[in-house]
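Accompanying notes for the structure given below.
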Amino acid sequence: MAGSGRFDYLDGIRAVAIAAVLGLHWFSWYVPLFHGGSVGVDVFFVLSGFIITTMLWRTPVSGGWVRGWGAFLRRRVARLYPALLGLVAGCVVLYAVLPGSSDGPDGPLEVAARGLLALTQASSAWAAGQDGSLWLPGLEPFGQTWSLAVEWYFYLLWPLGVLLARARGWPAMRLARASLVLAAAAYLLSLPLGTFVFYFGPSARSAELLVGASLALRFAAHGYPDRPARHGTLAAGAALAAVTAYAVLGRDGHDLLYRYVGVPVAVLATVVLIHTGYASSEGPVHRLLGHRWMAAVGRHSYSLYLWHIVPFLLLQDVALPKPVLGLLAVTAAVAATVLSYRLLERPFLRPRSDVLRPASPHARVTAAR
């Protein structure tokens, strides 16, 4: 919630995630660092699972679980698709006006065809059957939309389980344990998979989403630590340091280090950051991540994620020094991000304080009924 420090803090975690992604897609082109920025996506998934499940468990449902599921999907479409449509339309125009990169799509018609693939959320399934780099050259300039496709698998299935559990009177902790078991199984079964399927497919990512979901349900059952002990403050600092260190010094999704070290580090660190800071306003990590500048970056993170790579693709063949090209691309990405957020995100955002604010024990019991 802007100004409260509480939801600013969650937006601050988003800022950490997008910073890691930007390090990978921007700075690793120029310096031999930031290849571990892939963990930013893992942080996003855990946080998304936490927020979505918190809203699902605590939002009043009228008309049965089917209507509740339909209402949830409509809210997700209204939240995500305006900015995504803006990306597709904007790229069609840009590729019609500008020459584009030599290895990119040939003109606006091909851009539109690739944009349709992104809009139908088929990009993750398409990517899982491909060979090549962990950037999706066959989907440029929409390669980043693979993560939205993965989330839609979660949106279509997990809300049904949560709403059915609520309808049948399951206690939150019972579903929390079930989601944690499913998360462990999904991760372990994904470890033998090939690089592309592990990275882009829904199985390993579902594990991350379900870990966040389990934490949300645990909070619903047992409450929130509103005054973290000294060891909690230290744990938050260690978690933030671990994610940062891997993002800067680690390896990307091609390397086995990512799936065996990077993913567990990112998932555990995100859980620690949420657990120690969700209902608290104490400690240096909370003050850092809850700072208004960090929160502002986090609130813009969806539009920034959509647009961050497009100017680099369009400008990479321009005959200018790399630092100049980088500065131009970053400036263009920031401008597109601000326009997208103000025109295509903010008008569709609805207040979430009714379902996201940490509640009293009585309110938690009432919400779960």
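Structure summary
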{"quantity": "At most 16 other Cβ within 10 Å, DSSP loop - trypsin sites (Lys or Arg not before Pro), the stretch 184-252", "calculated": "ARG251"}
{"quantity": "Integer Hz, Karplus 6.51/-1.76/1.60 couplings in order for the stretch 233-249, x for Gly and Pro", "calculated": "5, 5, 5, 4, x, 5, 5, 5, 5, 5, 4, 4, 5, 5, 4, 7, 10"}
{"quantity": "Identified option (computed mean projected area of the Cα convex hull in nm²; candidates [x] 17.5; [y] 19.7; [z] 16.5)", "calculated": "[x]"}
{"quantity": "Net length gained if the chain between LEU343 and ARG177 were fully extended (0.36 nm per residue, minus Cα distance)", "calculated": "55.7 nm"}
{"quantity": "Under Karplus coefficients 6.51, -1.76 and 1.60, residue-wise ³J(HN,Hα) of the stretch 180-194 in Hz, glycine/proline x", "calculated": "5, 5, 4, 5, 4, 5, 5, 5, 5, 6, 7, 4, x, 5, x"}
{"quantity": "Lys/Arg +1, Asp/Glu -1 at C-beta; the chain dipole; positive extreme among TRP307, SER340, GLY277", "calculated": "GLY277"}
{"quantity": "Approximate spin-label separation LEU268-ALA238, in nm, with each point projected 7 Å along Cα-to-Cβ", "calculated": "0.9"}
{"quantity": "Point-to-point label distance, ARG168-ALA89, nm (Cα→Cβ direction, 7 Å offset)", "calculated": "4.4"}
{"quantity": "Hz values of 3J(HN,Hα) by residue in the stretch 330-336 - Karplus curve (6.51, -1.76, 1.60), Gly and Pro given as x", "calculated": "5, 4, 5, 5, 5, 4, 5"}
{"quantity": "Stretch gain in nm, segment ASP255-VAL77, where the contour uses 0.36 nm per residue and the Cα spacing is subtracted", "calculated": "60.7 nm"}
{"quantity": "Spacing of the two label points (7 Å from each Cα toward its C-beta) at LEU33 and LEU328, in nm", "calculated": "2.7"}
{"quantity": "Total charge dipole magnitude, the chain, about the Cα centre, Cβ charges on Lys, Arg, Asp, Glu only, Debye to nearest 20", "calculated": "1820"}
{"quantity": "Ordering of 293-300, 154-161 by packing [mean C-beta count within 10 Å, highest first]", "calculated": "293-300, 154-161"}
{"quantity": "Within the chain, helix-based [θ] at 222 nm, where runs of 4 or more DSSP H residues each add -39,500 (n - 2.57), nearest 500", "calculated": "-22000 deg cm²/dmol"}
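Taken together, the values in this text are just the output of simple stated rules run on the coordinates, not laboratory data. Quantities reported herein were computed from a predicted structural model and do not represent experimental measurements. For neighbour counting, all protein chains shown are included, and Cβ atoms are generated from backbone atoms with ideal geometry for every residue, glycine included.
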